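Chemist: After the structure tokens below, expect a handful of questions from me.
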Amino acid sequence: MNRHTFLSIIFFTLVCTGCTKLDFYPHSSASPESVTEKDLDPLLRGLYNSVQNFPGRESYIMFDLVGGNLTSASGGNVLTFIKNIMRTDYNLVSQGWNGYYRALYQVNNVLSILDNLPDSEKKTKISGVAHFFRAYIYYNLTTRWGDVPLLKVNSNEKVSRTAQSEVWKFIEEELQAAMNEGPAFIADLNSNYYLVSREAARALMARVKLAQKKNAEAAEYAEQVINSGLFRLDSFEKIFRKQANDEVIFAFENLTEESSITLSTLFYTYAHPVKGSYVYKPTDEVMNMYDADDNRKAMAIDTYTNLDVLNKYPSGQAGTDPVVIVRLGELYLISAEAQGMNGLNRLNQLRQARNLPALNPASPEEYQDAVALERRRELLGEGFRWYDLVRTGKAVAELGIEEYRQKFPIPDNERLVNENLGQNDGYVD
């Protein structure tokens, strides 16, 4: 069954698809009050589709674009490329902000609808999925912009931004609800990782705890997922070539017929067998960071007709590829980082799975540098690098950016319609 098909007969068809910047809250084609229990399945499909598509394709690689992993395929200075993106008027920054809030509108709408339906097991599970997505959306918002409007219910008011500490607290509450209410991960169900599960919420909670430097809790949640017996480190050939695997915890299936997330076209030239528009390429630093024996290398990067390409999204113009949101490799690295040198076994277990020798760092600093490099290799093209540098205090030194660029600018067009948003420090009005 196509789990995420967008059914316009339910309330997710937008009246004005092209009205993005100024239309802060999308409209629906049917009143939420008219929804009944029989509509729960299309409701769920529409929810997946909204969260998958609305933020736009570059949202999934944004932290690679501004984190020194990817740059313009035409070449040029990497720092200039980063600064060009992090402008108050840049379309990708605006698209991300608007897209996440459009998706949030739909999530809040679903939760409001569920409140008016009789209790059932299906209702509870869908509620868990919605809470997971609300946490996921706010994780993406606050890691980019810091203080952001916290909307637990939809509103037409010109809202102000909420302190980031309160946003993190809300994210944790949402993930706890998802762990309590969401469906279980069924290991023997093929491609079960295209569905949100309690285990996906637990894995995302580990990421959220690490971001807040709650290291003991981050390690605890990561270890719970690792020791669950539901997942194992698997080969990159399976993970990034759409083969059944035991590593992915949650991914958007991103089916061609329902997706606007055409990431694959961004990385290949028209001369490549799968063809593409070749918009971005790996930086020179990325092309040189893999050891020769690293079994991730061929799946992560490639050189075709003397042009460097990111190779994790291989369909080109032929179709779309799944977008991995959380997988076990990240959990090993969360545990390794959060435990400090006591987590060396997790770092070396991951390295062994990637055909690399064990490390024996001489100091905590050397150890954390090793973990950071392994994260960069492991998670290339999956949307981590910039925020990894920000949360560890290395962004200014490693990227050469100004301190204020450790937060994204609030888009100009959003501030035009809501003067209460203000602007992050450092960005000129």
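The values are calculated or read from the model by the stated rules, or taken from the named source; none is laboratory data. Owing to the predicted nature of the structure, the values given are computational and were not obtained by experimental measurement. Counting neighbours? That spans all protein chains shown, and the Cβs are built from the backbone with ideal geometry, glycine included. In case anyone asks, the SASA skips ligands and DNA or RNA and just uses the protein heavy atoms, side chains included. Shrake-Rupley method; radii C 1.70, N 1.55, O 1.52, S 1.80 Å.
Chemist: Over the range 333-404, what per residue volume does the convex hull of the Cα atoms give, in whole Å³?
Modeler: In the range 333-404, the Cα convex hull volume per residue is 94 Å³.
Chemist: GNM, the chain, Cα, under 10 Å: largest mean-square fluctuation among 189, 44, 266?
Modeler: Of 189, 44, 266, the Gaussian network model singles out 189 as fluctuating most.
Chemist: Averaged per residue, what accessible area in Å² does the chain show with a 1.4 Å probe, protein chains only?
Modeler: Here the per-residue accessible area is 39 Å².
Chemist: Also, I was wondering about something else. Could you state the per residue volume, in Å³, of the convex hull enclosing the Cα atoms of the range 303-345?
Modeler: 109 Å³
Chemist: While we're on this one: In the range 280-322, which residues have a backbone nitrogen under 20 Å from the label point lying 7 Å from residue 369's Cα in the Cα-to-Cβ direction?
Modeler: 285-292
Chemist: Rounded to whole Å and ordered largest first, report the semi-axes of the equivalent ellipsoid of the range 78-133 derived from its Cα gyration tensor (root of 5λ).
Modeler: 38, 11, 5
Chemist: Under 5 Å between amide hydrogens, which residues at least 5 positions from residue 249 or on another chain qualify, with H placed 1.01 Å from N in the peptide plane?
Modeler: HN-HN under 5 Å from residue 249: 326, 327, 328.
Chemist: Can you give me the long-range amide H partners of residue 162? Hydrogens built in the peptide plane at 1.01 Å from N, cutoff under 5 Å, separation of 5 or more residues or another chain.
Modeler: 148, 150
Chemist: Here's something else I'd like to know. Got a sec to turn the phi values of the range 399-415 into Karplus ³J(HN,Hα) couplings, 6.51 cos²θ - 1.76 cosθ + 1.60 with θ = phi - 60°, whole Hz, x for Gly and Pro?
Modeler: 9, x, 7, 6, 4, 5, 7, 7, 10, 6, x, 5, x, 3, 5, 6, 6
Chemist: Spelling out what I want: for every residue of the range 245-260, take phi, set θ = phi - 60°, compute 6.51 cos²θ - 1.76 cosθ + 1.60 (Karplus), and round to whole Hz; glycine and proline get x.
Modeler: 8, 9, 9, 5, 9, 8, 9, 7, 5, 6, 5, 4, 6, 10, 10, 9
Chemist: Which of 104, 328, 230 moves the most in a Gaussian network model of the chain with Cα springs under 10 Å?
Modeler: Looking only at 104, 328, 230, the largest GNM fluctuation is found for 230.
Chemist: Given a 10 angstrom Cα cut-off, can you work out which residue in 95, 243, 106 is the most mobile in a GNM of the chain?
Modeler: Maximum among the listed residues: 243.
Chemist: Could you give the C-alpha radius of gyration of the range 77-236 expressed as a fraction of 2.2 N^0.38 Å, taking N as the number of residues it contains?
Modeler: So the range 77-236 has a normalised radius of gyration of 1.16.
Chemist: Pulled fully out, how much extra length does the chain show between residue 166 and residue 72, if you take 0.36 nm times their separation in residues and subtract their Cα-Cα distance?
Modeler: 30.2 nm
Chemist: Measure off 7 Å from each Cα along the Cα-to-Cβ vector at residue 153 and residue 318, then give the distance between these two points in nanometres to one decimal.
Modeler: 5.0 nm
Chemist: Write down the radius of gyration of the chain and its Dmax, each obtained from C-alpha positions, in Å.
Modeler: Using the Cα atoms of the chain, the pair Rg, Dmax is 20.8, 64 Å.
Chemist: Follow-up question, since we're still on this one. Assuming R0 = 30 Å, can you tell me the calculated FRET efficiency for the pair residue 416 and residue 79, based on Cβ-Cβ distance, to the nearest 0.05?
Modeler: 0.55
Chemist: Further question: Using a Förster distance of 25 angstrom, determine the FRET efficiency expected from the C-beta separation of residue 284 and residue 402, and round it to 0.05.
Modeler: Efficiency for this residue pair is about 0.60.
Chemist: What nm distance separates the two modelled labels at residue 277 and residue 89, each placed 7 Å from Cα along Cα→Cβ?
Modeler: 2.2 nm
Chemist: Now a separate question. Percent of accessible area on the range 108-224 owned by carbon and sulfur, 1.4 Å probe?
Modeler: 44 percent
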